Each structure stands twice: as C-alpha cells, then as structure tokens.
2 protein chains.
Amino acid sequence: MNSISGIRLSKLRTVLADKNLDAILISTPSNLTYLTSYPFEKDDREAFIVITKSKAYCIASPLIKDEIKKLVPNFIFLSPPFSQTIKDVARKDSLKKIGVEADNLTLSEYKSMKMPSTKLIPLILTTLRDVKDKDEIAAIEKACQIGDDAYEYIVKEIRPGMSEKDIAFLLDTFVRQQGTDISFRTIIAFGKNAAIPHHISDDTKLKNKDIILLDFGAKYNNYCSDMSRTIFVGKPTDEEKKAYETVRIAQEKAIEYLSKRHSELDSESQDRSRIKSGMTGVDAKSVDKIAREYIVSQGYPEYPHSLGHSIGIDVHDGFRISPTSENNLIRQMVFSIEPGIYLSQKFGIRIEDIVVLEKNGPRFLTKSPRTLTVI
Amino acid sequence: MNSISGIRLSKLRTVLADKNLDAILISTPSNLTYLTSYPFEKDDREAFIVITKSKAYCIASPLIKDEIKKLVPNFIFLSPPFSQTIKDVARKDSLKKIGVEADNLTLSEYKSMKMPSTKLIPLILTTLRDVKDKDEIAAIEKACQIGDDAYEYIVKEIRPGMSEKDIAFLLDTFVRQQGTDISFRTIIAFGKNAAIPHHISDDTKLKNKDIILLDFGAKYNNYCSDMSRTIFVGKPTDEEKKAYETVRIAQEKAIEYLSKRHSELDSESQDRSRIKSGMTGVDAKSVDKIAREYIVSQGYPEYPHSLGHSIGIDVHDGFRISPTSENNLIRQMVFSIEPGIYLSQKFGIRIEDIVVLEKNGPRFLTKSPRTLTVI
C-alpha cells in the first residue's frame with residue numbers, strides 16, 4: 001500500500017471508530033480516486049471499496065482491476081457482482097454495521113445490499129476531503145498554473161468574428177497539449193450570454209465592444225483548477241467599468257476579511273486544537289456576506305450562486321461559501337472566491353480565483369491579473 | 001413545448017398511468033437531457049423535472065434556467081432549494097404518489113423529500129430510452145460517422161515512438177475539430193496494455209510489431225458513438241492473426257444470428273403487437289452466447305464484459321447484451337456488438353461496431369473496415 005493511501009485509510013478508520021461501525025462502503029467516484037489515485041469518471045460504477053478496521057477490499061470490474069491493483073497492491077481485490085460480493089464480505093468478516101455514503105448510494109443499490117444481520121448506516125462523508133495535504137495542494141497549484149498559462153495564451157488569440165465555441169476549442173486544446181485535460185466544460189460567454197452564469201458556449205460570434213466571460217479549469221494528477229475572468233473587446237462603457245470594478249473590489253474585500261479573521265483566530269493560541277479540528281476557523285458565510293453585501297450596496301442584484309466552493313478531485317469538492325454555509329475555513333483548505341454581477345439581457349461579470357488558506361492567510365493559486373483587461 | 005419533448009413526456013405519462021402514479025420525478029441527467037435537449041453533465045444536479053398528468057415542472061438552478069427555458073418554454077420553471085420545491089409542488093397539486101428514479105436518487109435526496117401525505121415510489125426507468133426515434137438514430141449515425149472519420153484520420157497519423165497519450169490527443173483533437181466532443185475517455189492501448197479492456201492511455205511508446213487497441217466515440221447533438229478497432233504495427237504473428245480472426249468471426253456470427261432471428265420473428269405477423277411492445281424480439285442473451293461460445297470453442301478465455309450495450313445519450317444507455325440479459329432486441333434499438341480476446345501480459349483484441357435494428361435486420365452505423373489492418 002502506498003503511504004498516501006495508508007494515511008487516507010486511517011482518516012476513514014477514524015470515522016469508523018467515531019461512529020462505532022465495523023466497515024465503511026465507499027462508492028463516490030471522487031472518494032474512490034482519493035483512496036486509490038485511479039482516475040474514476042464522475043458517474044463511474046466500476047468499483048466499490050469496503051474498509052474495515054484491519055482490511056481494505058476493492059471490488060472492481062475486471063475491465064479495470066489490474067490498473068487499480070498497480071496503484072494499491074495491498075488492497076484485497078474481489079470481483080463483481082457488487083452487491084453480492086459486499087454481502088459475502090459482510091458475512092465472512094461478521095460486519096454488523098456498515099456505513100454507506102448517503103449522498104451517493106442510490107435507492108436500488110441500498111435495497112440490493114440489504115442483509116438480515118447487517119445494518120447499513122447512511123453516512124455523510126462530505127468533509128472527508130476538505131482539508132488538503134501538501135501533495136494535494138501541490139497538484140491543485142500545478143492545475144491552476146496550467147489554467148493561468150491557458151488564459152495568457154487565449155487572451156492573445158481572441159479576435160472579433162470568432163465564436164464562443166471556437167475560443168473554447170482553442171483553450172481546451174491548449175490545456176490538453178500540456179498532457180492533461182480540462183476539469184469541466186469550458187464556459188465562454190459573449191455579451192448578454194455572460195448574464196447566464198453557466199452559459200453553454202455556442203456559435204455566437206464575437207463583436208467589437210463585447211464582454212467575454214471565460215470560466216474554465218485544468219486537471220493535474222486527478223486534481224482540478226477553476227478560474228473565471230471577464231475581459232473587454234475595445235473600451236468598456238462606464239456602466240461596464242463600474243460593474244467590473246465592483247466585482248473586483250467585492251472579491252478583494254472578501255479576501256481581506258478572510259485574511260484578517262484568519263490571522264485573529266490563528267493568534268489565539270488557546271484555540272489551537274479547536275482550529276485543527278475545524279471547530280473554529282473563519283465562518284464561511286461571513287466571507288460570502290462581505291462580497292454579497294458590497295455588490296448589493298453598489299446597486300446591483302445579488303449573484304445567484306455561492307461566493308465560493310471547495311476544490312480538489314472534484315471541481316465542487318465539498319463545502320460551499322454561501323449565505324447558508326455552516327462550516328469554518330481553516331488551514332489547508334483550498335477554495336474559489338468568485339463574486340459576480342449578472343444583468344439579464346445585458347452582460348455578466350465574474351472574477352474567480354483559487355486560494356489556499358495557510359498560516360499566513362489566503363494565498364492565491366491562480367495568478368492571472370485581475371485588473372480590467374481590454375483586448 | 002417542442003414536439004419531441006411532447007412525445008417523450010407522453011411516454012412518461014404512460015408509465016404514470018400504468019403505475020397509478022400522480023407524478024414522476026426525473027433526476028437522472030441523461031433523462032433530463034432526453035426531455036429537454038439540454039446537455040446535462042453526467043453527475044449534474046442542477047435540475048429536476050416533475051411530470052404530472054397535465055403539467056411538466058422544471059426546477060432548475062438559476063445558473064442554467066434561462067438556457068433550458070429556451071429549449072422547453074412551456075415547462076413551468078421553479079427555483080431551488082430542490083427538495084423543498086418538490087414538496088411544495090406535491091402539496092399544491094395534491095400529488096399523493098410520486099415515482100422516483102431508484103437507480104439514480106440518493107439516500108439523502110430520498111430522505112430530504114419525504115412527506116407525510118405523499119408516497120415516494122421507487123421506479124426503474126431504464127427501458128425508457130431503449131427504442132430510439134428517427135431523430136435519435138440520425139444523431140447516433142452522425143456521431144458514428146465522426147468516429148469513422150476520426151479512425152480513418154488516426155490510422156494515417158500513427159507512427160512508432162508515439163505514446164498512447166499522443167495518439168489519444170490527436171484523435172480527440174480531430175473529433176473536437178468537427179465542432180463536437182468525445183463521448184468517453186479514449187482508450188489507446190499498446191501490446192500487453194490492450195489485455196486490460198479499459199486501460200487508461202499512458203506514456204507507453206509504440207514499438208514496431210505492437211498491437212494497438214483503439215476504443216473511442218464522438219458526440220453529436222447529445223448522442224454518442226462508440227467503436228473499437230485493433231490494428232497491427234508490422235506483420236502480426238500467427239498467434240495474433242488467429243486471435244484477430246476469431247474476434248472478427250465471433251462478431252460476424254453474432255450479427256448473422258441476430259439478423260436471422262430478427263427476420264424469423266418479423267415474418268410471424270401474428271406477433272406484430274408483441275414485437276412492438278418488446279414482449280418478443282431477439283433474446284439478447286442468445287446473441288451474446290453465439291459470440292462468447294465461438295471464442296471459447298477456439299480455445300480462448302471468455303471476454304470479461306458484455307457482448308454489447310444500448311447506446312444513445314449515454315454511451316451505456318440502458319440494456320446490455322450479456323449472458324444475464326433478460327431483454328429482447330427489437331426494431332429501432334441501437335447497440336454495440338463488441339467481442340474481444342484478452343490474453344493477460346500478452347495482448348488484447350476487440351472489434352466493436354454500432355448497429356441499429358431495422359425492418360430488414362441490423363444495419364451498421366459504424367462503417368470502418370474490420371478486416372485485419374497492418375500499418
């Protein structure tokens with residue numbers, strides 16, 4: 001077993017002990033990747049992992065088993081059918097209580113795994129990957145760098161007459177030429193299309209005086225980046241300039257606030273263990289509030305999304321930074337800060353960066369300029 | 001409401017009547033695409049659809065709502081939070097029994113949607129998209145054609161010294177240059193890597209005398225293609241040639257059998273209505289058996305996968321053609337036929353084509369040559 005996998009299994013065995021379970025069944029593709037480093041696809045159902053106090057079973061389709069085995073040779077490999085094999089393991093190892101991933105396991109799977117003498121306990125494991133280790137942070141940082149490089153490249157390539165799809169294609173190809181892949185469907189939105197936060201890039205042609213919203217990411221070693229920039233083709237109007245500056249300042253204010261609160265909390269040394277456990281830290285919703293209220297105070301509508309989200313193996317990797325967030329932001333968390341202004345049928349602006357929270361405060365992993373850019 | 005969407009809603013309303021339900025909640029991304037034509041991503045949770053006897057509600061994230069609205073303007077659009085809005089609809093419209101997708105809805109979602117006076121009934125909708133309409137078949141055919149073009153292109157580009165990743169990149173780029181995307185992660189496997197059916201393309205360099213297995217697909221208007229070819233760099237050995245011919249003949253035999261059985265059943269005119277309803281048709285597992293037994297009869301191990309799978313919005317779109325299949329193959333079904341031989345640590349061979357079953361029997365939608373190809 002490689003050491004990373006060992007440490008991550010220990011994390012899950014802590015959950016196992018805390019919840020008084022005999023085993024945990026891992027079914028979410030990103031959690032399977034977390035434990036094995038194998039690049040499962042988002043809707044993959046080719047493997048399940050059962051972790052007991054002393055063993056780690058991987059039930060994998062024969063189509064991919066040999067490749068996973070290379071990565072985690074000390075797992076015990078079993079063959080499908082999945083539900084039957086899981087039940088066999090439960091019986092053989094006398095597992096009375098198995099935690100299952102409530103946010104991932106389907107009703108059909110749950111039903112097919114029901115056993116007379118074993119309880120399936122719905123578990124929420126969404127915080128499992130919130131705090132990143134240094135290898136994860138390094139991988140996200142590298143993915144962000146590929147994103148920055150792609151942005152630098154694309155800004156030089158954009159010309160009036162190109163379609164949204166043309167630009168997305170060039171950008172995606174650049175990312176793939178770095179030997180990696182994009183982390184989600186690239187959003188390129190011109191003019192009023194940018195007022196739809198998750199617009200699907202289409203055949204709209206770029207005109208002079210258009211606004212271009214770019215939202216994209218790259219992958220590196222299974223980890224994602226994500227960034228948004230909004231740029232102007234020719235001199236922006238005063239209205240556009242004001243909206244842009246409002247978003248930029250909203251992001252700056254949120255990060256300044258996060259930095260200040262983090263440093264206050266970090267200096268209260270008596271809270272060290274509470275900080276480490278995530279029981280204290282910067283209240284995520286208070287960070288969202290700073291950006292959201294600033295934008296509203298300038299006469300704009302609220303952005304219809306979170307200020308940010310955790311990022312890692314998934315682009316949306318766990319917690320959100322939103323008005324309803326109940327989590328705290330602590331060291332080694334990596335997340336986006338992405339306020340926006342969307343004016344229906346007119347234009348949209350979003351600026352999104354990825355930061356990692358460290359001893360000295362938030363550090364930008366995306367480094368592309370945020371100053372108003374005219375091409 | 002566009003007419004396609006209307007016909008598809010009717011299909012679901014038949015289920016509704018059959019199962020004596022007041023509504024069906026659609027949550028599977030590919031089913032959401034089927035109803036709206038919006039390209040939901042595989043793990044999307046940005047929209048749910050509730051279909052009642054007389055209405056179609058779409059509860060969509062504000063990030064994408066406006067784009068879906070353009071496609072299905074006559075749906076009633078509502079806003080998240082999803083579970084709460086679904087409960088509100090149930091109360092307002094007095095929905096007492098709502099079917100939910102058991103193969104997709106998670107335990108958490110099910111729990112959050114529980115209501116005192118409404119029952120949630122787990123439903124299996126996997127057959128919903130089995131029979132394709134002519135627009136769907138046309139889209140798959142076009143996707144297959146892009147796949148054929150990509151294959152023709154890549155065969156000319158392959159050179160010893162290239163890595164699996166290099167070839168995958170060229171192939172993917174070609175597909176994307178056609179203004180579309182690949183339908184799943186392209187598999188390029190050299191030599192013994194080809195013995196792993198779903199090998200992840202890596203930095204292995206192509207050598208003279210290698211076998212190359214290519215398995216890839218394109219998308220067109222939300223519909224997928226899928227094809228596999230195995231080609232030889234330089235003259236194959238007798239062992240390789242024999243294995244290749246065995247796979248090719250196994251595929252041919254399966255398709256001949258399918259054609260013969262289909263024509264027999266189709267000529268029994270008294271069974272017309274039973275055929276149309278899928279109650280009769282060619283037993284899928286008998287088709288798998290023909291190919292599987294032929295390969296074993298030649299002294300090779302069984303392929304560790306199905307002979308084929310339905311294809312459509314998803315690459316694996318519903319039924320399988322396998323030893324445990326319980327479905328029948330009828331007109332307007334589109335599926336792969338893909339026998340293989342995998343010799344661990346030596347090499348692997350797979351030939352995969354997409355066929356549509358029509359009045360006159362199976363018709364190939366992929367048209368690339370299947371004869372032994374040496375480059």
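The values are calculated or read from the model by the stated rules, or taken from the named source; none is laboratory data. Model, not experiment: these values are computed from the prediction. Note that we place each Cβ from the backbone using ideal geometry, even for glycine, and neighbour counts take in every protein chain shown.
A quick yes/no check of all residues on (1) under 27 Å from the mean Cα position of the chain (by Cα); (2) surrounded by fewer than 20 Cβ atoms within 10 Å (Cβ to Cβ); (3) in a helix (DSSP H, G or I):
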| position | (1), (2), (3) |
| --- | --- |
| B:Thr230 | yes, no, no |
| B:Lys242 | no, yes, yes |
| B:Val247 | yes, no, yes |
| B:Leu258 | yes, no, yes |
| B:His262 | yes, no, yes |
| B:Leu265 | yes, yes, yes |
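Residue-by-condition table, conditions (1) away from every other protein chain (no Cβ under 14 Å); (2) within 23 Å of B:Lys235 (Cα to Cα); (3) not polar (S, T, N, Q):
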position	(1), (2), (3)
B:Asp133	yes, no, yes
B:Glu141	yes, no, yes
B:Cys144	yes, no, yes
B:Glu152	yes, yes, yes
B:Phe169	no, no, yes
B:Thr186	no, no, no
B:Ile196	no, yes, yes
Discussion item. Restricting to region B:302-335, count the residues that are closer than 22 Å to B:Ile211 by Cα and in contact (Cβ under 8 Å) with a residue 12 or more places away in the chain.
Written reply: 4
Item to complete: Can you tell me which residue among A:Ala150, A:Ala194, A:Ala243 is in contact with a strand residue (DSSP E or B) (Cβ under 9 Å, 6 or more places away or on another chain) and under 22 Å from B:Glu46 (Cβ atoms)?
Response: A:Ala194
Discussion item. Among the residues of region B:202-210, are any more than 26 Å from A:Pro62 (Cβ to Cβ) and surrounded by 18 or more Cβ atoms within 10 Å (Cβ to Cβ)?
Written reply: no
Worksheet item: Applying the selection to region B:27-67, what residues are at the interface with chain A (Cβ under 10 Å from one of its Cβ atoms), touching a helix residue (DSSP H, G or I) at 6+ places or on another chain (Cβ under 6 Å) and farther than 22 Å from B:Thr106 by Cα?
Response: B:Tyr38
Worksheet, complete the sentence: Of the residues in region B:134-169, those that are in contact with an Asp or Glu (Cβ under 6 Å, 6 or more places away or on another chain), assigned to a helix (DSSP H, G or I) and surrounded by fewer than 18 Cβ atoms within 10 Å (Cβ to Cβ) number 0
Fill in: Number of the exception - B:Gly217 against (1) surrounded by 20 or more Cβ atoms within 10 Å (Cβ to Cβ); (2) within 11 Å of chain A (Cβ to nearest Cβ); (3) under 22 Å from the mean Cα position of the chain (by Cα); (4) under 19 Å from B:Ile349 (Cα atoms)
(2)
Practice prompt. Among residues belonging to region A:290-306 that are away from chain B (no Cβ under 14 Å) and assigned to a loop (DSSP other than H, G, I, E, B), point out the one that is surrounded by the fewest Cβ atoms within 10 Å (Cβ to Cβ).
Written response: A:Gly299
Worksheet entry | Residue count for region B:309-348, restricted to those that are under 30 Å from B:Thr237 (Cα atoms), in contact with a helix residue (DSSP H, G or I) (Cβ under 9 Å, 6 or more places away or on another chain) and not in a loop (DSSP other than H, G, I, E, B) | 7
Worksheet entry | Subset tally (residues that are under 18 Å from A:Lys19 (Cα atoms) and either in the same structural domain as A:Asp317 (by TED's automatic domain parsing) or hydrophobic (A, V, I, L, M, F, W, C) (or both)) for region A:57-106 | 5
Item to complete: Kindly indicate whether A:Lys42 is assigned by TED's automatic domain parsing to the domain that holds A:Val15, surrounded by fewer than 19 Cβ atoms within 10 Å (Cβ to Cβ) and in a helix (DSSP H, G or I).
Response: no
